[in-house]
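First comes the structure, then the notes that go with it.
The values are calculated or read from the model by the stated rules, or taken from the named source; none is laboratory data. Keep in mind the model is a prediction, meaning the values are calculated, not measured. Note that we place each Cβ from the backbone using ideal geometry, even for glycine, and neighbour counts take in every protein chain shown.
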Amino acid sequence: MVLGGRPVVRGVDLTVPSGQVLALLGANGSGKSTLVRGLLGVVPLAAGSVHLLGEPLGRATPWQRIGYVPQRMAAGGGVPATALEIVVSGLLHGRRLRPPRDRRARATAALEKLGVGHLRDRRVQEMSGGQQQRVLIARALVREPALLVLDEPTSGVDVPTQETFVAALSGLRDAGTTVVVILHELGAFTPLIDRAVVLRHGRVVHDGPPPAARGEHGEAGHDHTHPHADPEQPLEGPDLTLEVAP
């Protein structure tokens, strides 16, 4: 994967089994967000491939079964919108231009799961950052996704919000949802994480059990580190081959 003429993510080859909760860890600039953007087709691949839920990335991708929570974006942007309207928009995708008839009930249930059901009719522009993030998470959860992708979803939000979100994710995990989440540190997510992938300079330096606390900021700091190529050495093979099983 190349940005601005410079390779950012190289030699990544990952398969994520159905129902697994995978954390992407690494220092700022290690390539975590770029990897996720490549997974979602936002950044084009220079080489390699991506398969999501059994389909190649592209027109066949089952987007209606995929939820995404961005990193601290302002929900609704500059357009006045209520929390309910934002969450209902999560039920739309390329093949569905009109929301289902039970949209309000489903959106309300998603908001209540995140503890902000009482804010359903309030404009998101009037909410705190933590409340906005809960709305964005509810927008992703309302699809009841088979794959949920999150880019530092709880960065900068308070501990109660993190705990509420982790509780909601626990239910999804138990129902078999696959989760790929970028984290600055494991924190409240620790009990949920099945597997950690640590990136350094755009390459995988650890793939296995979550690192100990001293390694949560981008270094794989225990004896279970899987061997990977030296990030300073040339690496043959595809830039990215990532598959999320159906």
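Report yes if some residue within segment 197-220 is closer than 16 Å to G26 by Cβ, of a type in the set (D, E), surrounded by 15 or more Cβ atoms within 10 Å (Cβ to Cβ) and at pLDDT below 75; otherwise report no. Within segment 197-220 (the criterion being closer than 16 Å to G26 by Cβ, of a type in the set (D, E), surrounded by 15 or more Cβ atoms within 10 Å (Cβ to Cβ) and at pLDDT below 75), the answer is yes, since at least one residue qualifies. What pairs can you find where one residue is in segment 107-131 and free of Cβ contacts under 8 Å to residues at least 12 places away in the same chain, the other is surrounded by 16 or more Cβ atoms within 10 Å (Cβ to Cβ) and hydrophobic (A, V, I, L, M, F, W, C), and their Cβ atoms are less than 7 Å apart, with a gap of 6+ or different chains? Qualifying pairs under 7 Å: G117/L111. Residues in segment 9-29: is at least one farther than 24 Å from E185 by Cβ, without any contact (Cβ under 8 Å) to a residue 60 or more places away in the chain and among the basic types (K, R)? No, the conditions are met nowhere in segment 9-29. Taking the criterion of being assigned to a strand (DSSP E or B) and in contact with a Ser or Thr (Cβ under 7 Å, 6 or more places away or on another chain), the residues of segment 158-204 that qualify are T178, I182, L199, R200. Residues that are more than 17 Å from the chain's Cα centre (by Cα) and assigned to a strand (DSSP E or B) do not occur anywhere in segment 130-149. Just so you know, in segment 5-43 the residues that are touching a Pro at 6+ places or on another chain (Cβ under 9 Å) and part of a strand (DSSP E or B) include one that is surrounded by the most Cβ atoms within 10 Å (Cβ to Cβ), and it is L25.
Note on segment 80-109: residues that are of a type in the set (D, E, K, R) and either modelled with pLDDT of 90 or more or not assigned by TED's automatic domain parsing to the domain that holds R123 (or both) total 5.
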